[in-house]
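Read through the structure below, which is laid out as structure tokens, and then see the notes.
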2 protein chains.
Amino acid sequence: MNPVDQELLYVGIDGGGSKCKSTIISASGHIRGVGTAGPANVVRNFEQSIASILESVSLAIEDAGLDLDCMSELIAGAGLAGVNLSHGHAAISRWKHPFKKFYIATDLYMACISAHAGKDGAVIVTGTGSCGIASVNGTITTLGGYGFATGDTSSGAWVGAQAVRHSLKSADDLAPKTRLLDAIYQHLNVDSPLAVAEILNDAPPSVFAKIAPLVFDMSEQGDDIATGIIQTGAEYINALARKLLEKKPPRFSMIGGMSERLFPWLDHDVQEKLSPAMEQPEMGAIYFAKQQYSLLCKG
Amino acid sequence: MNPVDQELLYVGIDGGGSKCKSTIISASGHIRGVGTAGPANVVRNFEQSIASILESVSLAIEDAGLDLDCMSELIAGAGLAGVNLSHGHAAISRWKHPFKKFYIATDLYMACISAHAGKDGAVIVTGTGSCGIASVNGTITTLGGYGFATGDTSSGAWVGAQAVRHSLKSADDLAPKTRLLDAIYQHLNVDSPLAVAEILNDAPPSVFAKIAPLVFDMSEQGDDIATGIIQTGAEYINALARKLLEKKPPRFSMIGGMSERLFPWLDHDVQEKLSPAMEQPEMGAIYFAKQQYSLLCKG
């Protein structure tokens, strides 16, 4: 059975820490169907990632009005969180996938490809985590992306955690007063530093990232501690940007939930280099699948 | 059956994140038996904490050459990790304990009582975590102790995490070179920043704390980043100490695995106020049980 009227079908799978989105596209570039399922971070939960991939692709097939049997005809590209870590990559590589072809790369690499519509370029991602990548003339450089406990400076989770640390020191009268303390109390609906610690100590990075907008708000209200946290974060992003720009990427973008509020804090020479992302991250996986499959056919 | 020749028996239970130690003592002050079992952090794992308490007390009874039946005659004092958090305190308070009396306090309070042999005083604990307490004229002041993700500045876990953060930035050429990077590679037996992140990202604080000694070692070898981390930590401890000293404690001690190496970095006025702890932390729980029971008998 050829479900696609002789035309190849590609599926781009964008799997992150909160959801997995699949998009089926025809060789001629038409979007045929989309599907969204749960998280797909192969390091945090491998079984769940596989389930999310299969569910989101199945939903996309259904959305395209195709038969589920066509899964074995799909040329899949998947950008998955956790694939940058060697055991994450090894686990997903061993998976007996149901597709015609299955090409894997990091979600960061897919974000870079999509931001520049399949061409060379560099990207900084500042969302819950933070990292940077440049893909120029076949050479890929990645910086940061080490996670909440050991890196991710200037990410939403980092900004939130810095705010909490400063606020709790301030509650102990061991650091200058900051409006952040009351803002965090209100946000968490508590009224003591121990209650803050109780909620946050084993919380995932995404819970800290939700505190980051308060830091920008309090800075706008003149809070020096909030301003200091953002400035420290922005210095890191400036340095990260300059390091990526050394690779001479033809285009450069900053994406992720923090990027809009962080932009005004960056140095002008960095701001001037930034262009908007050209496509959504899920398109990166499709560009990647097409590139890899055409290389295979040429090879 | 009176297992104690008409004399009251007390048991002091010192439950922390790595082990639970119980000590049985007679009213006249003689140590009768000791027993050690697994972790007893009531917030991290409540069922395990109960098992550790019961096992360590049973072993102490056995060590004392007594019959297990005498458990119901013991007046127990327990200093347990996690009791400072309200849900930890609530959980252990609901426990149907097998003792004659069961008095609960935080491990920090017990450390303070033991350091000053049951009398008023103040204590800073710098081990895997960090915190401070002063107990003066019936008023207890606690500072810090908010945990790895939100506080614990200058603790072993904090020093280790700072070292990792700086080293990974340095590996990306986004921060000055530091000998800490190679020291951490060697310690973890890896050779790339991603491998460091892979091991440490979901590691417990105790794993980060094991990196802290390297920071002191590298500082001694002239590494400026290592020195900067320790200085920042020492500034916090200086501030914490001065805040506790405002309460006019008659004695003041610093205990925990980090205290010895941190001492030389503290300001002289703080150093001069510090005296050695008079007793081991497990004695605190016994002083506490005796105090509480005598109050009951007087009341």
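The values are calculated or read from the model by the stated rules, or taken from the named source; none is laboratory data. Just so you know, these numbers come straight off a predicted model, no measurement behind them. All Cβ positions, glycine included, derive from the backbone under ideal geometry; neighbour counts span all protein chains shown. The area values use the complete protein model at the heavy-atom level, side chains included, leaving out ligands, DNA and RNA. Shrake-Rupley method; radii C 1.70, N 1.55, O 1.52, S 1.80 Å.
Show me the helices (runs of 4 or more DSSP H) found entirely inside region B:169-268 where at least 1 residues are within 14 Å of chain A (Cβ to nearest Cβ).
Result: B:179-188, B:193-200, B:205-209, B:224-245.
Go through region A:72-108 and give me each residue that's part of a helix (DSSP H, G or I) and surrounded by fewer than 21 Cβ atoms within 10 Å (Cβ to Cβ).
Matches in region A:72-108: A:72, A:73, A:86, A:87, A:89, A:90, A:91, A:93, A:94.
Residue by residue, here is whether (1) closer than 30 Å to residue B:101 by Cβ; (2) surrounded by fewer than 20 Cβ atoms within 10 Å (Cβ to Cβ); (3) of a type in the set (A, V, I, L, M) holds:
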position: B:183; (1), (2), (3): no, no, yes
position: B:201; (1), (2), (3): no, yes, no
position: B:228; (1), (2), (3): no, yes, no
position: B:251; (1), (2), (3): yes, yes, no
position: B:272; (1), (2), (3): no, yes, no
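Are there any pairs, at least 6 apart or on different chains, whose C-beta atoms fall under 9 Å, with the first in region B:254-270 and farther than 11 Å from residue B:127 by Cβ and the second of a type in the set (Lys, Arg), and if so, which?
Listed pairs, sorted by first residue: B:267/B:242; B:269/B:242; B:270/B:242.
Name the one entry in B:230, B:140 that is touching a Leu at 6+ places or on another chain (Cβ under 9 Å) and not assigned by TED's automatic domain parsing to the domain that holds residue B:82.
Residue meeting the stated conditions: B:230.
Go through B:151, B:160 for me and flag whichever is buried (at least 22 other Cβ atoms within 10 Å of the Cβ), assigned to a loop (DSSP other than H, G, I, E, B) and small (Gly, Ala, Ser).
B:151
Based on what the data block shows, is residue B:74 under 16 Å from residue B:21 (Cβ atoms) and not β-branched (Val, Ile, Thr)?
yes
Scan region B:256-270 for residues that are open to solvent by 30 Å² or more (accessible area, probe 1.4 Å) and within 20 Å of the chain's Cα centre (by Cα) and jot them down.
Correct list: B:256, B:257, B:260, B:261, B:263.
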